[in-house]
Amino acid sequence: MHALNLDAMHAPEFSEYVNTAPAVVAAGEFVVGIEFNSREAVIASVKEYTIRRGVDYRVYESEPTTFYAKCVQYGTSCHWLIRYCWAIRRYNGSHTCTRSTISQDHAKLDSDTIAEAIKPLVEADPSIKVKFVIAEVQLKFNYTISYRKAWLAKQKAVEKIFGGWESSYEALPTWFEAMVAKEPSAADETMREFDMRYQRLCERGEAYKQWLDRIPRQQYALAYDGGHCWGHMKTNLVECINGALKGACNLPVTAFVKATFYRLNALFTRKRSEVEARISAGQLFSEYATQKIMSNQRSAGIHRQRPYCRIRIQAHTRSNARGPSMSLQSYLDARHNDRYMCLCQAEPQLNL
Ligand SMILES: [Zn+2]
């Protein structure tokens with residue numbers, strides 16, 4: 001099995017083209033002549049500047065290489081304006097206007113701006129709750145946004161990091177085909193193993209073959225069940241790997257399938273190493289199971305069980321153990337939750 005790099009699935013494919021953070025403005029104000037690496041970067045900087053100061057601007061020109069905006073109170077109480085064309089060409093200095101009304105939200109604090117601000121949080125935990133997004137915005141921008149805006153921002157952040165929600169459905173079959181093309185032997189191997197074992201059974205006699213042929217193959221052979229795991233307690237299986245799947249929900253479908261695949265691959269690779277180490281150390285069961293078995297063996301030495309009703313599954317259990325509220329010899333014949341419970345609280349049945 002190949003070692004898989006879990007971080008690689010999130011690595012940008014063309015890192016040299018990824019926008020860097022907006023250029024820092026000197027002393028909290030923009031400076032004429034300062035260059036930004038893109039028009040989007042200058043707009044992001046102007047937005048953040050505006051939100052932090054609680055002011056607002058109106059856009060007068062927005063072309064692929066230019067951006068021109070003025071304060072909403074330009075000409076009355078303020079002369080703030082900014083003009084960008086490859087670099088900042090004109091800037092009138094800080095706002096002289098004051099915030100007219102105290103608001104809990106800001107017109108320029110839209111879901112796209114918030115999505116950009118919470119990207120590191122969402123990348124670390126795609127299942128992050130919306131209330132934590134609201135708290136993060138409160139901390140960063142000092143505004144309390146609505147639940148709807150926070151939810152929308154989180155969805156957009158997930159889309160920016162893991163790819164579009166709709167396009168993800170289109171990408172999934174391609175990814176599956178690529179995986180099958182990479183490891184075509186996995187399915188064939190299961191079929192070959194089934195055929196080999198089936199032939200061995202047939203060689204034992206016609207009666208065995210006829211008996212097995214009466215059972216639909218999808219009910220007992222992994223090679224034929226189409227991945228449905230017939231008869232398995234799937235809920236229990238999922239509980240066993242819950243830790244590996246944690247944080248993989250709330251993702252676009254392809255990212256979700258990839259995360260599940262890579263995490264389970266890493267989990268089973270680790271488990272295989274652990275089991276191999278135990279086997280080579282001469283252990284038959286896990287550490288936990290071994291301790292349970294030894295503990296039960298010790299207590300079993302003081303119990304003697306004699307079944308007296310096989311239909312009702314009842315038995316006498318005789319114990320020589322002395323407990324706080326029992327006599328020297330105690331008897332119990334009740335069956336409770338599939339366990340034979342003795343008055344000395346010992347459990348003859350091994351529960352793992
Ligand atoms: Zn102003």
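The values are calculated or read from the model by the stated rules, or taken from the named source; none is laboratory data. In this text, all values refer to a predicted model and were calculated from it rather than measured experimentally. Every residue, glycine among them, receives a Cβ derived from its backbone with ideal geometry; neighbour counts consider all protein chains shown. Only protein heavy atoms, including side chains, enter the accessible area calculation; ligands, DNA and RNA are left aside. Shrake-Rupley method; radii C 1.70, N 1.55, O 1.52, S 1.80 Å.
Couple of notes before you dig in:
- Estimated FRET transfer efficiency when R0 is 41 angstrom, pair A207-A289 (beta carbons, to 0.05): 0.65
- Taking D225, D105 and ordering them by how much accessible surface each has at a 1.4 Å probe, largest first, produces D105, D225.
- FRET efficiency, T65 to A181 (Cβ-Cβ, R0 45 Å, nearest 0.05): 0.55
- Calculated FRET efficiency for the pair E29/S77, C-beta based, R₀ 25 Å, to 0.05: 0.85
- Amide proton proximity set for A69, modelled H, under 5 Å, gap of 5+: Y60, I82
- Carbon plus sulfur fraction of accessible area for region 111-162, probe 1.4 Å, in percent: 54 percent
- The length gained by stretching the chain between R214 and N250 to full extension, at 0.36 nm per residue less their Cα-Cα distance, is 8.6 nm.
- Neighbourhood net charge (12 Å Cβ-Cβ; Lys/Arg +1, Asp/Glu -1) for K108: -1
- The listed peptides 106-117, 150-161, ordered by packing as a protection proxy, come out as 150-161, 106-117 (highest mean of other Cβ atoms within 10 Å first).
- Of interest is the spacing of the C-alpha centroids, which for region 111-158 and region 51-82 amounts to 26 Å.
- Percentage of interatomic Cα-Cα distances in region 240-279 larger than 13 Å: 54 percent
- Placing dummy labels 7 Å off each Cα toward the beta-carbon, the span from T235 to M191 is 3.6 nm.
- Peptides ranked, highest mean first, by Cβ atoms within 10 Å: ranges 66-72, 37-43, 198-204, 124-130: 66-72, 37-43, 124-130, 198-204
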